[in-house]
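Peer 1: Below is the structure I would like to discuss, written out as structure tokens.
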Amino acid sequence: MTTPYEDYVTSFLINTTSPMMIVYHFLPKMIEKGFGRIVNTTSGINLDPQQAGYSASKAALDKVTIDIGSKVQGTDVMVNLTDPGWCRTDLGGPNAPNSPESAIPGVVVGAFVDDKKSGRIFHAQAFSGMTIEQAVEKAQN
């Protein structure tokens with residue numbers, strides 16, 4: 001109950017507003033050309049009031065990504081999300097259970113799927129240890 005105002009402002013600027021400005025810049029050209037992939041990075045953090053600003057900003061990113069994805073559903077322009085899981089990074093810290101490399105197939109799979117479905121969240125750890133080809137096959141089934 002003590003999350004500072006600045007945490008919300010900074011988190012929303014970095015995690016919601018900035019990605020959406022990038023989407024708004026590139027999406028019209030993708031639609032015009034009839035092809036494109038947007039994969040925004042979300043977070044599975046929830047029920048953690050100490051990270052309320054961060055998790056709220058990611059929830060907002062999820063909402064706008066899914067909403068925009070619904071507008072291109074069924075086309076070769078796909079807009080989805082990936083959640084890398086809790087990885088050992090500067091942000092995740094040394095006690096996180098997953099290596100950054102474990103997330104790679106699931107983080108990039110949204111760029112390679114070709115099933116015209118948008119608005120999904122690819123949970124990267126569900127694809128850990130797979131090749132990109134295996135990850136794509138799993139994601140499209």
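Peer 1: Highest first, please rank the peptides 40-46, 69-75 by the mean number of other Cβ atoms sitting within 10 Å of their residues. Write out the running numbers ahead of the final one.
Peer 2: Working: 40-46: 17.4, 69-75: 14.7.
Ranking the peptides 40-46, 69-75 by packing returns 40-46, 69-75.
Peer 1: Let me ask you something else. For the chain, with every protein chain kept in place, what is the accessible area per residue (1.4 Å probe, Å²)?
Peer 2: Working: 8270 Å² over 141 residues.
Accessible surface, normalised per residue, equals 59 Å².
Peer 1: Turning to a different aspect of this structure: What is the set of long-range amide H partners of residue 41 at a cut-off below 5 Å, with H atoms built 1.01 Å from backbone N?
Peer 2: Result for residue 41 returns 82.
Peer 1: Tell me, what HN-Hα J-couplings in whole Hz come from the Karplus equation 6.51 cos²θ - 1.76 cosθ + 1.60 at θ = phi - 60° for each residue of segment 55-72, using x for Gly and Pro?
Peer 2: Using θ = phi - 60°, the values come out as 5, 5, 5, 6, 5, 5, 4, 4, 4, 5, 5, 5, 4, 5, x, 5, 7, 10 Hz.
Peer 1: Related question: In the chain, what percent of the accessible surface is made up of carbon and sulfur (1.4 Å probe, ligands and nucleic acids excluded)?
Peer 2: Details: 5040 of 8270 Å².
That share works out to 61 percent.
Peer 1: Related question: Excluding ligands and nucleic acids, what accessible area in Å² is computed for residue 101 using a 1.4 Å probe, to the nearest 10?
Peer 2: Around 120 Å² of this residue is reachable by solvent.
Peer 1: Here is a further query. Provide the packing ranking of 134-140, 52-58, i.e. peptides ordered by the mean count of other C-beta atoms within 10 Å per residue, highest first. Before the final figure, lay out each step's value.
Peer 2: Numbers: 134-140: 17.4, 52-58: 20.4.
Going by the mean number of other Cβ atoms within 10 Å, highest first, we get 52-58, 134-140.
Peer 1: Of 123, 25, which has the most accessible area with a 1.4 Å probe, and how do the rest follow in descending order? Each step should come with its number before you reach the end.
Peer 2: On the way: 123 100, 25 125 Å².
Largest to smallest exposure gives the sequence 25, 123.
Peer 1: Using a 1.4 angstrom probe on the protein heavy atoms only, line up 20, 1, 30 by accessible area, largest first. Could you put the intermediate results ahead of the total?
Peer 2: On the way: 20 10, 1 215, 30 35 Å².
Accessible-area ranking of 20, 1, 30, largest first: 1, 30, 20.
Peer 1: Using a Gaussian network model of the chain with C-alpha springs under 10 Å, which one of 65, 89, 16 is most mobile by mean-square fluctuation?
Peer 2: Maximum fluctuation in the GNM of the chain, among the listed residues, is at 89.
The values are calculated or read from the model by the stated rules, or taken from the named source; none is laboratory data. Keep in mind the model is a prediction, meaning the values are calculated, not measured. Here Cβ is always computed from backbone atoms with ideal geometry, including for glycine, and neighbour counts include all displayed protein chains. For the accessible areas, the whole protein counts, side chains as well, though only heavy atoms, and no ligand, DNA or RNA atoms are used. Shrake-Rupley method; radii C 1.70, N 1.55, O 1.52, S 1.80 Å.
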